[in-house]
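A.B. asks: I have a structure I would like to understand better, so I am pasting it below and will then ask my questions one at a time.
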Amino acid sequence: PDCNVSHSIIASGCIVNGTVENSVLFRKVYIGNNCVIKNSIILNDVYIGDNTVIENCIVESRDTIRANTTYIGTPDDIKIVVEKNARYVL
């Protein structure tokens, strides 16, 4: 998978398989394939599924964002994302 990170702060334990621009990723964040994260703060232990777009958002700790999801805020109206989806399917 391709990874592109620019103007961002990435903490230890992160796995990035997409594009991250002007963002902060706290510890143990997983970014799936073909994801785009822009102008956002992703708190610790967050899983973001493939093909997801997050822009101008703050994602709460221990969230699981399902694949093919889009969250877009504006610079004047930052979106707070709170998702408590099951991370593992048996």
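Here is a yes/no grid of residues against (1) surrounded by fewer than 18 Cβ atoms within 10 Å (Cβ to Cβ); (2) modelled with pLDDT under 95; (3) touching a Lys or Arg at 6+ places or on another chain (Cβ under 7 Å):
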| residue | (1), (2), (3) |
| --- | --- |
| Phe26 | no, no, no |
| Asn33 | yes, no, no |
| Asn44 | yes, no, yes |
| Ile48 | no, no, no |
| Thr64 | yes, yes, yes |
| Asn68 | yes, no, no |
| Pro75 | yes, yes, no |
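A.B. asks: Please tell me if Lys79 is in contact with a Phe, Trp or Tyr (Cβ under 7 Å, 6 or more places away or on another chain), surrounded by fewer than 17 Cβ atoms within 10 Å (Cβ to Cβ) and among the basic types (Lys, Arg).
C.D. replies: So Lys79 fits the description; yes.
A.B. asks: Now for a different question. Identify, please: which residue in region 1-25 is in a loop (DSSP other than H, G, I, E, B) and under 10 Å from the mean Cα position of the chain (by Cα) and is, among those, nearest to Thr69 (Cα to Cα)?
C.D. replies: Gly18
A.B. asks: Can you run down the residue pairs with Cβ atoms below 8 Å, 6 or more apart or on separate chains, where the first is in region 68-81 and under 12 Å from Ile37 (Cβ atoms) and in contact (Cβ under 8 Å) with a residue 40 or more places away in the chain and the partner is outside any loop (DSSP other than H, G, I, E, B) and of a type in the set (Ser, Thr, Tyr)?
C.D. replies: Short answer, once both residue conditions are applied: none.
A.B. asks: Give me the residue from region 50-62 that is at pLDDT 95 or above and not acidic (Asp, Glu) and, out of that set, surrounded by the most Cβ atoms within 10 Å (Cβ to Cβ).
C.D. replies: Result: Ile54.
The values are calculated or read from the model by the stated rules, or taken from the named source; none is laboratory data. Here the structure is a predicted model, which is why all the values come from computation and not from measurement. Note that we place each Cβ from the backbone using ideal geometry, even for glycine, and neighbour counts take in every protein chain shown.
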